[in-house]
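Peer 1: Shown below is the structure under consideration.
The values are calculated or read from the model by the stated rules, or taken from the named source; none is laboratory data. Just so it is clear, the structure is predicted and the values come from calculations on it, not from any experiment. A quick note on method: Cβ atoms are made from the backbone with ideal geometry, for glycine too, and the neighbour counts reach across all protein chains shown.
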Amino acid sequence: MTETKTRARMKVLATLMVLMFAAITTRLWFLQVLASQQFTRLASQNELRLVPIDPLRGQILDRNGHLLVGNRPATVVLVDRRGMNGHDDQVLFRLSNLLHVPVQDFLDRLGSVKYLPYQPVPVAEDVPQRAVFYIEEHHDLFPGVSYQIDPLRFYPGGSLGAHVLGYTGEISSKQLAEAAFSTYRPSELVGQSGVEAAYERYLHGANGIRGIQVDAQGHVLNDDYSTKPATAGDNVVLSIDQQIQDLSERSLSLGIQLARHTADRNSGQYLRATGGAVIVMDPRNGQILSLASNPTYDPSIFAGGLSHLEANQIFAAGNNNPLLDRATQGRYPAGSTFKPFIATEALKEGFITPNSRINCPAQWAVPTDPTHPFHNWKPQDYGAISIPEALTVSCDTVFYQLGYDFWLRYARLGKTTELMQNDLEEMGFGHLSGIDIPGEQAGLIPTAAYTRQVYKSNPKVYGKYYGWLPGDAVNLAIGQGYLQVTPLQMAEAYGAIANGGTLWEPRVGLEVRTPGGRVVRRIEPHALGRLPIPASKVAFLRKALTGVPLTGTAAAAFLGFPLDKIPVAGKTGTADILPKQPVSWFAAMAPADHPKYVVIAMVEQGGHGATTAAPIVRRILEGLFGLQTEKKLQAGQVAD
């Protein structure tokens, strides 16, 4: 090799070396200068992981400060997926036997993407102390298993007020997609029904953050590197009175027991009394003092998640859907409790006056169809009677005639203006009341359009459609036909009769307070409208209804009640839904001269209103006014 070639090769080698060092230098400069912020951030992320801290959920209190929903300490078992050291099957099998939880439930939790890889996963809540002691004493059998004390939702009254209070549960994927939950993360507990759901944004509080220091392999170096504490949720004070709620639920339960030992007049079989509802409302502002639904449930079973066994118990066919709030979601024909509102309409339209007298025969037929008579509930001809007398004895045939008057007006207006339905909607029927708990149902005021759709959907059952017929209006006038109302709508409407005509929006919320007691929001009363008659005629109707418990259909149920000192205005109702047994209703206002309370009772398949619902309301009124309440109810008479 010549010296020239050697020198050439050395120059090439030197050039390559220079280029290589230049490339390395450029790369180092890029990494240390241009990309320094990016890699600093990545390095920081590689070192610090942020884990959210759940806030303490706010309390729910009654109007007098009694705790209805709070928090109690509960032991939660956690599993560190990495800490099981490859013995996953054995550890989970032992844990399943100890806690009586299916292994699949553990696997579902551990496999969830809701938990970070280095984060211990809660697999069981409210674990007994004996189980925790066993785990502690046998660490070698449960590697990666630990426990901590977390707050768990606590309902000191058990099932008391369950449908008002509601329950909490893990946030759903559907909820996560909603704007209201934009700041929430998977696995958080949120209100799923009742007040827990309606006032979620106050009760929830604000999440905190805990920093966990880990190495590049994900091993935890410091599990409390930095902490921003969570902010506890606000407390919600309800208009509910705990004592009145308890009084209502006990009275409703006694009424259902009474019905189940009472024979149905038509079939001779015992009444099934499959469920019921009671509402006590302050008619002066729309505040709900109690809202009871039967059957009921214990909301605490949802705390920490619902097991398969618990779910099967709740949704079993024989339980008759205890999660259904019959007070706000149950829809029923109103029967004769609807008659005061037909009288209200008739007064407005001029079909009657406070001095009117109308014949009350044992049966009545539409003049154009005399071969199909409508019968009075009691086969008796009362002759010409006043409107107060018609309400007192609950004369169906008087109200048939008023229903027919409305149909005639409808026909004469070209069958385009439905005055009867329009007036009823003004009184709160057929649409939502706006109560501040979710799930309320609107009920139904049947119209010509609705009946047309019913016939069209069931041609084999109904045959040809002939339009809104006189019989449709006649049935609606006694609270039957296609009519559907909720007990809450009845409370709202009777509240208007009680207070002189104002329809108040029903409310269970009273105010929101910080944990320290500072009021951050007051729920003010909100008027929705008025009954479509002057206050003087409203007072006339209320006074007319005082005859019902005094000498009318509810007289037997109120025998011995001090009506001279505590006058009661009320109305019985018996609504038929063939082939089922009748729905039993009673609505009351007391004291009748200046009502402080409106009480509504309804029992599904409970028979006549005077038989079952009226004794329930009587017992509640006794409790409200400090009178002795009996441990067993006595059935009223068989009256509409």
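Peer 1: Out of everything in region 76-98 that is small (Gly, Ala, Ser) and at negative phi, what residue ends up being surrounded by the fewest Cβ atoms within 10 Å (Cβ to Cβ)?
Peer 2: Gly83
Peer 1: Here's another thing I want to ask about it. Which condition does Ile600 not pass, out of (1) touching a strand residue (DSSP E or B) at 6+ places or on another chain (Cβ under 6 Å); (2) outside any strand (DSSP E or B); (3) under 22 Å from Leu483 (Cα atoms), if it passes all the others?
Peer 2: The failed condition is (2).
Listed here are the residues, each with its yes/no results for (1) of a type outside the set (Gly, Ala, Ser); (2) within 30 Å of Gln269 (Cα to Cα); (3) in contact with an Asp or Glu (Cβ under 6 Å, 6 or more places away or on another chain).
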site	(1), (2), (3)
Pro534	yes, no, no
Lys537	yes, no, no
Phe540	yes, no, no
Leu545	yes, no, no
Pro549	yes, yes, no
Gly560	no, yes, no
Asp564	yes, no, no
Val568	yes, no, no
Leu578	yes, yes, no
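Peer 1: Can you tell me which residue is surrounded by the most Cβ atoms within 10 Å (Cβ to Cβ) among those in region 106-127 that are over 23 Å from Arg49 (Cβ atoms) and without any contact (Cβ under 8 Å) to a residue 24 or more places away in the chain?
Peer 2: Within region 106-127, the match that is surrounded by the most Cβ atoms within 10 Å (Cβ to Cβ) is Leu107.
Peer 1: Now, a different point. For region 373-386, how many residues are assigned to a loop (DSSP other than H, G, I, E, B) and touching a residue at least 40 places away in the same chain (Cβ under 8 Å)?
Peer 2: Adding up the residues that qualify gives 2.
Peer 1: Here is a further query. Go through region 576-612 and give me each residue that's within 24 Å of the chain's Cα centre (by Cα) and among the small types (Gly, Ala, Ser).
Peer 2: Once the filter is applied, which keeps residues that are within 24 Å of the chain's Cα centre (by Cα) and among the small types (Gly, Ala, Ser), region 576-612 yields Ser584, Ala587, Ala588, Ala601, Gly606.
Peer 1: Which one is nearest to Ala498 (Cα to Cα), of the residues in region 603-614 that are outside any strand (DSSP E or B) and of a type outside the set (A, V, I, L, M, F, W, C)?
Peer 2: By that ranking, first place goes to Gly609.
Peer 1: Is it fair to say Glu426 is in contact with a Ser or Thr (Cβ under 6 Å, 6 or more places away or on another chain) and assigned by TED's automatic domain parsing to the domain that holds Gly552?
Peer 2: Answer is no for this residue.
Peer 1: Considering only region 418-443, state which residues are of a type in the set (S, T, N, Q), more than 17 Å from Lys339 (Cβ to Cβ) and out of contact with any helix residue (DSSP H, G or I) (no Cβ under 7 Å at 6 or more places or on another chain).
Peer 2: Of everything in region 418-443, those that are of a type in the set (S, T, N, Q), more than 17 Å from Lys339 (Cβ to Cβ) and out of contact with any helix residue (DSSP H, G or I) (no Cβ under 7 Å at 6 or more places or on another chain) turn out to be Asn422, Gln441.
Matching residues to (1) surrounded by 23 or more Cβ atoms within 10 Å (Cβ to Cβ); (2) under 27 Å from Gly607 (Cβ atoms); (3) in the same structural domain as Gly607 (by TED's automatic domain parsing); (4) under 41 Å from the mean Cα position of the chain (by Cα):
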| residue | (1), (2), (3), (4) |
| --- | --- |
| Arg331 | no, yes, yes, yes |
| Glu345 | yes, no, yes, yes |
| Asn359 | no, no, yes, no |
| Ala390 | yes, yes, yes, yes |
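Peer 1: Right, another one. Being part of a loop (DSSP other than H, G, I, E, B) and touching a helix residue (DSSP H, G or I) at 6+ places or on another chain (Cβ under 8 Å) is the filter here, so list the residues in region 325-357 that pass it.
Peer 2: Asp325, Arg326, Ala327, Thr328, Gly330, Ala334, Phe351, Ile352, Thr353, Pro354, Ser356
Peer 1: List every residue pair whose Cβ atoms sit under 6 Å apart, with the two residues 6 or more apart in sequence or on different chains, where the first one lies in region 464-476 and is free of Cβ contacts under 8 Å to residues at least 60 places away in the same chain and over 14 Å from Tyr410 (Cα atoms) and the second, anywhere, is outside any loop (DSSP other than H, G, I, E, B) and of a type outside the set (D, E, K, R).
Peer 2: Tyr465/Tyr455
Peer 1: A follow-up question, please. In region 615-631, is there at least one residue being crowded, with 24+ Cβ neighbours inside 10 Å and assigned to a loop (DSSP other than H, G, I, E, B)?
Peer 2: Looking through region 615-631, none of the residues is crowded, with 24+ Cβ neighbours inside 10 Å and assigned to a loop (DSSP other than H, G, I, E, B).
For (1) basic (Lys, Arg); (2) surrounded by 24 or more Cβ atoms within 10 Å (Cβ to Cβ); (3) outside the structural domain of Glu249 (by TED's automatic domain parsing); (4) at pLDDT below 95, each residue gets a yes or a no:
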residue: Lys580; (1), (2), (3), (4): yes, no, no, yes
residue: Ala592; (1), (2), (3), (4): no, no, no, no
residue: Met602; (1), (2), (3), (4): no, yes, no, no
residue: Ala610; (1), (2), (3), (4): no, yes, no, no
residue: Gly636; (1), (2), (3), (4): no, yes, yes, yes
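Peer 1: Only one of (1) over 36 Å from the mean Cα position of the chain (by Cα); (2) at pLDDT 95 or above fails for Lys460. Which number is that?
Peer 2: (2)
Peer 1: Being among the β-branched types (Val, Ile, Thr) and within 16 Å of Ala556 (Cα to Cα) narrows it down to one residue among Thr629, Thr611; which is it?
Peer 2: Thr611
Peer 1: Just to check your reading of the model, which residue among Gln480, Gln489, Gln484 is farther than 19 Å from Val280 by Cα, of a type outside the set (Lys, Arg) and within 19 Å of the chain's Cα centre (by Cα)? Walk me through it before giving the result.
Peer 2: On the way: Gln480 fails: within 19 Å of the chain's Cα centre (by Cα); Gln489 fails: farther than 19 Å from Val280 by Cα.
Just a single option satisfies the conditions, and that option is Gln484.
Peer 1: Another question, then. Among Leu291, Leu238, which is in contact with a Leu (Cβ under 7 Å, 6 or more places away or on another chain) and crowded, with 22+ Cβ neighbours inside 10 Å?
Peer 2: Residue meeting the stated conditions: Leu238.
Peer 1: Kindly evaluate Ala162 against the criterion of being among the small types (Gly, Ala, Ser) and within 29 Å of the chain's Cα centre (by Cα).
Peer 2: yes
Peer 1: Run down Arg250, Arg185, Arg210, Arg265 and say which single residue is in the same structural domain as Gly434 (by TED's automatic domain parsing), of a type in the set (Lys, Arg) and modelled with pLDDT under 95.
Peer 2: Arg265
Peer 1: Now a separate question. Could you list, ordered by first residue, the pairs with Cβ atoms under 6 Å in which the first is in region 613-640 and of a type in the set (Lys, Arg) and the second is part of a helix (DSSP H, G or I) and at pLDDT 90 or above, at least 6 apart or interchain?
Peer 2: From residues that are of a type in the set (Lys, Arg), the pairs are Arg619/Ser251.
Peer 1: Please find, within region 238-287, the residue that is farthest from Ala588 (Cα to Cα) out of those that are outside any loop (DSSP other than H, G, I, E, B) and in contact with a Phe, Trp or Tyr (Cβ under 7 Å, 6 or more places away or on another chain).
Peer 2: Step by step, filter region 238-287, then rank; the result is Ala263.
Peer 1: Among all residue pairs at least 6 apart or on different chains, which show Cβ distances below 7 Å where the first residue, located in region 318-342, is under 15 Å from Leu402 (Cα atoms) and the second is basic (Lys, Arg) and not in a helix (DSSP H, G or I)?
Peer 2: Ser336/Lys571; Lys339/Lys571; Pro340/Lys571
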